[in-house]
Amino acid sequence: MATVAPATTVVVAPATELPVARSPRPRTRPALGAAIVFTAASLTLWLLFLRPNWEMYWHQIDLQVYMWGGNAAALHPAQLYTARGPLFLPFLYPVFAAWICAELARFPINYVGTGMVVATLIALYAGVWCTAVLLRYRRGLGMLAVTLAVGSAALWLEPVQQTFRFGQISMILMAMVLGDFTIPKEHWSRGILIGIATGIKLTPAVFIVYLVVTRQIKAAAIAMGAFAATVAAGFWYRPTEAAQFWTTTVASQNRIGFAYVQNQSLNGLLGRLQWTTWDSHVLWLLGAGALGLAGLAAARIAHARGDEMLGILLAAGVTLLCSPISWTHYWVWMVPALVWAGHALSRRSRAGAIAVPAAIMLFAFAWPMQVDSIGAWDETLPLLPQGLIWFVPQTNGREFHWDIVQFLDGNSYALLTLAALVTAIVLLSRTPRPVLEPSRPARSRAPVQREACKAA
């Protein structure tokens, strides 16, 4: 007489046992050829478009601050966190990052700038590739074609363009995080890249928390060890400045233009509503705390159901919204988010899988615009790739007087991410959780086999 397992028990295999999504194999080589042509055309058009106005667009001011910080750390360490760099901007990164910048500052800044552009391009395509790996697509020419096509289209997104324009490291850090998550869970090195990324810039620390809440304890320990090593290296290199950073500088970063339109964090949104200020931000702390806890709880559920990429994106959304400052170039996480959205929607509607990411991409596209530094249209300026988010009154308190359309446009990244995060939290919490057996590679299929034997 057959016995039936209780209906309330749901047993699924660990994420490593889920079926692999396959890239389309027919006509793979023609598709790759088309992707290569599209990539060459996209890069060429981008460079030709910028070339006539190279000096106006390509100032890479953040890279200049990095190099200034590196020189200060090497030659005048006492000035590292007390003086100001180009455009009166401070160096706000840990001493470990300053040490890296000091080594790079040995070379002419033009060479470093070119290297940063190349490294960012590589990181863009690497991030798309890692996203496809985390979505379990078959590695091969088909996936390479998709990587080239998606990366070359994403090149024109406003956060990506801002990363190039400012010489920022957002794309490189994102690629390090995604690359770390593609390392097999049982491998000893999983977590190192996340730890090093956190040592360079603190925002990736949320992924260490994600590793903890998803019970990837070994990887979390490795990440914390790697991060601790960067902190120790900073104290070895410049002990006084390292102590200064971790005791004072790290707590003062929310004072850098928090209500400026480019800050798309929850703190920036509330600041533009004049609900928070530099000195009174209890509402932001409460909102960020609640959102962070709920977001990481949802990320844990997504991980338990085998959707590691969704869990990673939820953690990224938490850090984007809950950080005191999240400039628009931090939103390079839009690239893997659009890939995930297309993948998830393709299970229900091919049209939706194309329409939804395309609509978001068109809104976040770096359109050729003639917008000046206060958000006004100026026909005397050259056409430069700028996002619609910049076409609002800005600086000197102009953000405090937006109408409803300007409010929605000027807060669009924050509002879109907030809506996506809340939707994911609600949907994941309403669906019953599967019972996930402990992940043991050598016995990963045993729980399923035992339940099957009972059912027989």
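The values are calculated or read from the model by the stated rules, or taken from the named source; none is laboratory data. A quick note: this is a predicted structure, and the numbers were derived from the prediction, not measured. Here Cβ is always computed from backbone atoms with ideal geometry, including for glycine, and neighbour counts include all displayed protein chains. These area figures cover heavy atoms from the full protein model, side chains too; ligands, DNA and RNA do not enter into them. Shrake-Rupley method; radii C 1.70, N 1.55, O 1.52, S 1.80 Å.
When the range 326-354 is filtered for residues that are of a type outside the set (A, V, I, L, M, F, W, C), touching a strand residue (DSSP E or B) at 6+ places or on another chain (Cβ under 9 Å) and under 22 Å from V206 (Cβ atoms), the ones remaining, listed by number, are S326, T328.
For the range 187-234, give me each residue that is on the phi > 0 side of the Ramachandran plot and surrounded by 17 or more Cβ atoms within 10 Å (Cβ to Cβ). Please lay out each step first, then the result.
Initial filter on the range 187-234 (on the phi > 0 side of the Ramachandran plot): 191, 215.
If the condition is that a residue be on the phi > 0 side of the Ramachandran plot and surrounded by 17 or more Cβ atoms within 10 Å (Cβ to Cβ), then G191 is the only one that fits.
Of all residues in the range 90-120, how many are outside any loop (DSSP other than H, G, I, E, B), touching a residue at least 40 places away in the same chain (Cβ under 8 Å) and either more than 12 Å from G234 (Cβ to Cβ) or of a type in the set (G, A, S) (or both)? It would help to see each step written out before you state the result.
Of the residues in the range 90-120, the ones outside any loop (DSSP other than H, G, I, E, B) are 95-104, 109-120.
In the following step, the residues that additionally are touching a residue at least 40 places away in the same chain (Cβ under 8 Å) were identified as 95-100, 109, 112-113, 116-117, 119-120.
Restricting the remaining residues to those that are either more than 12 Å from G234 (Cβ to Cβ) or of a type in the set (G, A, S) (or both) gives 97-98, 109, 112-113, 116-117, 119-120.
Qualifying residue count for the region: 9.
Could you tell me whether any residue of the range 328-350 is surrounded by fewer than 22 Cβ atoms within 10 Å (Cβ to Cβ), at pLDDT 90 or above and at positive phi? There is no residue in the range 328-350 that is surrounded by fewer than 22 Cβ atoms within 10 Å (Cβ to Cβ), at pLDDT 90 or above and at positive phi.
The C-beta contact set for the range 202-226 (first residue outside any helix (DSSP H, G or I), second residue at pLDDT below 95 and open to solvent by 20 Å² or more (accessible area, probe 1.4 Å), distance under 7 angstrom, 6+ apart or interchain) comprises Q216/K185. Just one residue in the set G85, G179, G127 is open to solvent by less than 40 Å² (accessible area, probe 1.4 Å), more than 22 Å from L314 (Cβ to Cβ) and small (G, A, S); that residue is G85.
Scanning the range 380-387 finds no residues that are outside any loop (DSSP other than H, G, I, E, B), free of Cβ contacts under 8 Å to residues at least 40 places away in the same chain and touching a Pro at 6+ places or on another chain (Cβ under 8 Å). Put simply, of W54, W58 the only residue that is under 25 Å from the mean Cα position of the chain (by Cα) and either modelled with pLDDT of 95 or more or among the hydrophobic types (A, V, I, L, M, F, W, C) (or both) is W58. I'd like to know if the range 403-413 contains one or more residues that are modelled with pLDDT under 90, open to solvent by 10 Å² or more (accessible area, probe 1.4 Å) and not in a helix (DSSP H, G or I). No: the range 403-413 contains no residue that is modelled with pLDDT under 90, open to solvent by 10 Å² or more (accessible area, probe 1.4 Å) and not in a helix (DSSP H, G or I).
Candidates in the range 148-172 are the residues that are open to solvent by 10 Å² or more (accessible area, probe 1.4 Å) and in a helix (DSSP H, G or I); of these, the one that is nearest to F363 (Cα to Cα) is A153. Looking only at residues of the range 378-401 that are of a type in the set (A, V, I, L, M, F, W, C) and touching a strand residue (DSSP E or B) at 6+ places or on another chain (Cβ under 6 Å), we find that the one that is surrounded by the fewest Cβ atoms within 10 Å (Cβ to Cβ) is L383.
In the range 118-138, what residues are over 21 Å from Q161 (Cα atoms) and in contact with a Pro (Cβ under 9 Å, 6 or more places away or on another chain)? Correct list: L134, R136.
Results for (1) closer than 21 Å to A353 by Cα; (2) within 12 Å of the chain's Cα centre (by Cα); (3) among the aromatic types (F, W, Y), shown as yes or no for each residue.
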{"position": "V146", "(1), (2), (3)": "yes, no, no"}
{"position": "A149", "(1), (2), (3)": "yes, no, no"}
{"position": "W156", "(1), (2), (3)": "yes, no, yes"}
{"position": "Q161", "(1), (2), (3)": "no, no, no"}
{"position": "I169", "(1), (2), (3)": "no, yes, no"}
{"position": "F181", "(1), (2), (3)": "no, no, yes"}
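If the condition is being open to solvent by 60 Å² or more (accessible area, probe 1.4 Å) and either within 22 Å of Q79 (Cα to Cα) or small (G, A, S) (or both), then the range 243-289 contributes W246, T247, T248, A251, R255, S280. Selection of the range 369-387 for residues being among the acidic types (D, E) and under 28 Å from the mean Cα position of the chain (by Cα) yields only D372. Go through the range 7-22 and give me each residue that's modelled with pLDDT of 50 or more and open to solvent by less than 60 Å² (accessible area, probe 1.4 Å). Once the filter is applied, which keeps residues that are modelled with pLDDT of 50 or more and open to solvent by less than 60 Å² (accessible area, probe 1.4 Å), the range 7-22 yields only A21. Residues that are at pLDDT below 95 and closer than 18 Å to V339 by Cβ within the range 284-306 comprise just one, G306.
Which residues, counting only those in the range 252-307, are in a helix (DSSP H, G or I), of a type in the set (V, I, T) and touching a residue at least 60 places away in the same chain (Cβ under 8 Å)? Give the derivation first.
Narrowing the range 252-307 to residues in a helix (DSSP H, G or I): 253-255, 266-272, 282-304.
When the remaining residues are screened for being of a type in the set (V, I, T), the result is 282, 301.
If the condition is that a residue be in a helix (DSSP H, G or I), of a type in the set (V, I, T) and touching a residue at least 60 places away in the same chain (Cβ under 8 Å), then I301 is the only one that fits.
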